[in-house]
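The values are calculated or read from the model by the stated rules, or taken from the named source; none is laboratory data. The structure presented is a predicted model; accordingly, all values stated were derived computationally and were not measured. Here the Cβ is made from the backbone with ideal geometry for all residues, glycine too, and neighbour counts use every protein chain on show.
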Amino acid sequence: MSDVMTKLSETVSDARGTFRARAMARRRRDGSSEGWLEFLPTDSNRSLGCTTPIETMQHDRATMKRWASGLTRDPRRKTTTAK
């Protein structure tokens, strides 16, 4: 089962549309967690979002939450717009 660790406050835009990002995680059999990003379209008429490959592996849920809380956009990129 996947859990939302955090929802990022800014939207991200590219040629496919505008998306809201969230950090996701799931527990592995060995007790560690793996995390990735999901990008969900802001336009309800668009059904396609995207998911990154696994971005991180952490030894417990608290560490995964800390990883997710530190995510920010890259200021060198022009693909993010204010909320």
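Below is a table of values for the structure above.
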| quantity | calculated |
| --- | --- |
| Pick from region 34-52, criterion within 11 Å of the chain's Cα centre (by Cα) and either modelled with pLDDT of 95 or more or of a type outside the set (Phe, Trp, Tyr) (or both), ranking: surrounded by the most Cβ atoms within 10 Å (Cβ to Cβ) | 35 |
| Scan of region 7-21 for residues that are surrounded by fewer than 17 Cβ atoms within 10 Å (Cβ to Cβ) and part of a strand (DSSP E or B), ordered by number | 7, 9, 10, 13, 14, 17, 18 |
| Residues located in region 21-45, provided they are in contact with a Lys or Arg (Cβ under 8 Å, 6 or more places away or on another chain) and more than 16 Å from residue 7 (Cα to Cα) | 27, 33, 34 |
| Subset of region 53-73 that is assigned to a loop (DSSP other than H, G, I, E, B) and in contact with a Ser or Thr (Cβ under 8 Å, 6 or more places away or on another chain) - its residue that is modelled with the highest pLDDT | 59 |
| The lone exception for residue 31 - which of (1) assigned to a strand (DSSP E or B); (2) more than 19 Å from residue 69 (Cα to Cα); (3) at pLDDT 90 or above it fails | (1) |
| Tally of residues being without any contact (Cβ under 8 Å) to a residue 40 or more places away in the chain and among the hydrophobic types (A, V, I, L, M, F, W, C) across region 1-20 | 4 |
